[in-house]
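Only the coordinates and a few stated rules stand behind these numbers; no lab work does. Model, not experiment: these values are computed from the prediction. Every residue, glycine as well, gets a Cβ built from its backbone with ideal geometry; the counts of neighbours run over all protein chains shown.
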Amino acid sequence: MVGNEQVRDERIEKRASDAGVVRLLSPTDCIKDRLAGYYHWKDEQNFHQAVAVARRRPVQWSNLQRWHRDEGVADQFAAFKAAWESSEHL
């Protein structure tokens with residue numbers, strides 16, 4: 001789950017390791033996970049981690065905007081995108 005959204009199995013990347021199979025979230029789902037922590041617990045570190053992932057990996061912005069709406073925090077999407085835009089010039 002990322003917030004109230006279930007992550008479907010086809011969106012999970014699986015990689016073999018010596019310890020077994022590692023299941024990885026997509027960059028967009030990782031951002032959702034970090035932002036869910038920020039919105040729920042007001043943990044600033046989660047917000048900064050979400051911005052860091054967005055700076056380094058491709059993001060499905062329309063998917064992320066829909067997720068914000070479905071989570072009831074549609075007004076926060078613009079603030080997140082603004083933080084990403086201001087940081088991309090660093």
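Report summary: the helix-based calculation at 222 nm, which adds -39500 (n - 2.57) for every DSSP H run with n ≥ 4 and divides by the residues of the chain, gives -18500 deg cm²/dmol. Helix 74-87 and the long axis of the chain differ in direction by around 80°, with both axes built from C-alpha atoms. Among residues other than residue 7 with Cβ under 12 Å from its Cβ, the summed charge is -2 (Lys and Arg +1, Asp and Glu -1).
Residue 25 sits among other residues whose Cβ lies under 11 Å from its own Cβ, and their net charge, with Lys and Arg +1 and Asp and Glu -1, is +2. When peptides 32-41, 54-63, 15-24 are sorted by average Cβ neighbour count within 10 Å, with the highest value leading, the order is 32-41, 54-63, 15-24. Against the chain, whose longest principal axis is taken from its Cα atoms, helix 44-56 shows a tilt of about 70°.
The angle between the Cα long axis of helix 61-71 and the longest principal axis of the Cα atoms of the chain comes to about 80 degrees, rounded to the nearest 10.
Pairs of Cα atoms nearer than 8 Å and 6+ residues apart set the relative contact order; for the stretch 9-87 it is 22 percent. Between the listed residues 24, 12, 86, the Cα displaced farthest toward the positive end of the dipole of the stretch 9-87, a dipole computed from Cβ unit charges relative to the Cα centre, is found at 86. With only Lys, Arg, Asp and Glu charged, each at its Cβ (+1 for the first two, -1 for the last two), find how big the charge dipole of the chain is about the Cα centre; round to the nearest 20 debye. Charge dipole of the chain: 180 debye, to the nearest 20.
Proximity of backbone amide H atoms, modeled 1.01 Å from N, is registered between residue 2 and 7 at under 5 Å, excluding neighbours fewer than 5 places apart on the same chain. For the stretch 3-90, the set of GluC sites (Glu not before Pro) satisfying both a DSSP loop assignment and a count of at most 10 other C-beta atoms within 10 Å is given as 88.
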